[in-house]
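First the structure, in the form of structure tokens, and then the observations on it.
The values are calculated or read from the model by the stated rules, or taken from the named source; none is laboratory data. What you are looking at is a predicted structure, and each value in this text was computed from that prediction instead of being measured. As a convention, Cβ positions derive from the backbone with ideal geometry for all residues, glycine included, and neighbour counts pool all protein chains shown.
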Amino acid sequence: MPLIEVALSGAVTDNQLLAVKANGASLLVTRIDGQVQAFINKCPHMGMPMAKGTVKDGVVTCPWHGAKFDVCTGQNVEWCNAFAGVPLPKWSHKLVAMGKDPKPLTVYETSEENGKVFVRVPG
Ligand code: FES
């Protein structure tokens, strides 16, 4: 898998999501504690885009139903618990999950060199 240049280093800032394309794939890049991280712009719950999600303490929250993922590992840390950003009561979480079990987010290896950010994506 080749490393593909996706952005200038200055465009990738802590806890902000930047949408980029690499090898035809839609990705999001951000910085966690200064380190560039990249993941697919497609929530594993319903395949919805996550560009309007939020990043805090290394965790990205999907803007649609609130699923949370560790940005560095992709691990699911909390499954669906909201609708369009509005928190829902616990009894409704299985309903909003629509029968889908928790899955991890696809993350990609990154590197940064000479002021440029690279992501290794399947080609
Ligand atoms: S599409 Fe992301 S939590 Fe449902």
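For the range 107-123, enumerate the residues that are loosely packed, with under 10 Cβ neighbours inside 10 Å and in contact with a helix residue (DSSP H, G or I) (Cβ under 8 Å, 6 or more places away or on another chain). Answer for the range 107-123, where residues must be loosely packed, with under 10 Cβ neighbours inside 10 Å and in contact with a helix residue (DSSP H, G or I) (Cβ under 8 Å, 6 or more places away or on another chain): just Gly115. None of Val36, Val77, Val71, Val55 is at pLDDT 95 or above, of a type outside the set (Phe, Trp, Tyr) and within 14 Å of Val6 (Cα to Cα) except Val36. Among all positions in the range 75-90, there is at least one residue which is in contact with a strand residue (DSSP E or B) (Cβ under 8 Å, 6 or more places away or on another chain) and within 23 Å of Pro122 (Cβ to Cβ). In the range 21-36, the residues that are of a type in the set (Lys, Arg) reach residues that are in a loop (DSSP other than H, G, I, E, B) with C-beta atoms within less than 7 angstrom, at least six apart or across chains, in these pairs: Arg31/Val12; Arg31/Thr13. Considering the range 15-61, the qualifying strands (runs of 3 or more DSSP E), each wholly inside and each with 1 or more residues that are in contact with a strand residue (DSSP E or B) (Cβ under 9 Å, 6 or more places away or on another chain) and away from the ligand (no atom under 16 Å from the Cβ), run over 18-22, 25-32, 35-40. Residues in the range 67-82 that are within 12 Å of the ligand (Cβ to nearest atom), in contact (Cβ under 8 Å) with a residue 24 or more places away in the chain and either in contact with a His (Cβ under 6 Å, 6 or more places away or on another chain) or not in a strand (DSSP E or B) (or both): 3 in all. Report yes if some residue within the range 105-118 is within 12 Å of the ligand (Cβ to nearest atom) and not acidic (Asp, Glu); otherwise report no. Yes, the range 105-118 has at least one match.
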